[in-house]
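Read the structure below first, then the notes.
The values are calculated or read from the model by the stated rules, or taken from the named source; none is laboratory data. Predicted model, so just to flag it, every value in this text is computed and none were measured. With ideal geometry, Cβ positions are generated from the backbone for all residues, glycine too; neighbour counts draw on all protein chains shown.
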Amino acid sequence: MKQLTEIGKFLKEKSNDKAKESWRKFVPTSEKVYGVYLAEINKIISKYISGGFKLVEELWKSGYLEERILAAKILGKICKKDPEKTLGLIKNFVDDITDWAVCDTLAIQGIRPIAKIKQKEIFEFSRKLVKSKNPWKRRFGIVLLINFKKDKTLKKEIEKIIKNVEDDKEHYVKKAIDWVKRELK
């Protein structure tokens, strides 16, 4: 896929040790990092939207932090074209999450444009995820709820879901819970 090759070349050219060190510091659980600042990634999103769902899947498969963030951001731009496919991809991707940056980008930017129309499915998914043994799935399930922070009628439902994980001791899960609670105020 030509676009995938171009993106890989771009990320290698833009990578630097300072950015890599920064990612490693702020996202310590990330596994594969090029070392490209987020501002550089954001510059190329619109250029690659035409790659569609296929490009999103290929970027995700790489396992690199920057490629997964780019995949999530592109997904958010194209998700209205096929909300069902978007949810299917997200349900598959959630198994591979290993850090908060990718988790949060996918849970918010990757799905926000379809959150209202897929509210029922997203809430069901969130309820399922918060019961997972995997802390990244629990965090993802919590962060998904931020998409509904402006709808005051959903506050009680969100609080009910969070109650399932309120005593969670996992650092990144606790941070997500605190974040959602702040957003609901």
* Asked: Can you tell which of Leu144, Leu129 is assigned by TED's automatic domain parsing to the domain that holds Asp178, under 22 Å from Glu166 (Cα atoms) and within 11 Å of the chain's Cα centre (by Cα)?
  -> Leu144
* To do: For segment 1-111, please list each of the helices (runs of 4 or more DSSP H) lying entirely inside it that holds at least 3 residues being farther than 21 Å from Pro135 by Cβ, free of Cβ contacts under 8 Å to residues at least 40 places away in the same chain and within 13 Å of the chain's Cα centre (by Cα).
  => 65-78, 83-93
* **Every residue from segment 70-103 that is within 22 Å of Glu170 (Cβ to Cβ) and either among the polar types (S, T, N, Q) or buried (at least 24 other Cβ atoms within 10 Å of the Cβ) (or both)** => Ala72, Thr98, Val102, Cys103
* Yes/no for Lys137 being in a helix (DSSP H, G or I) and modelled with pLDDT of 95 or more -> yes
* To do: Residue by residue through segment 116-169, note down the ones that are β-branched (Val, Ile, Thr) and either within 16 Å of Trp100 (Cα to Cα) or touching a Pro at 6+ places or on another chain (Cβ under 7 Å) (or both).
  => Ile117, Val130, Ile142, Val143, Ile146
* Asked: For the subset of segment 1-19 comprising residues that are among the basic types (Lys, Arg) and exposed (fewer than 15 other Cβ atoms within 10 Å of the Cβ), which member is farthest from Arg68 (Cα to Cα)?
  -> Lys18
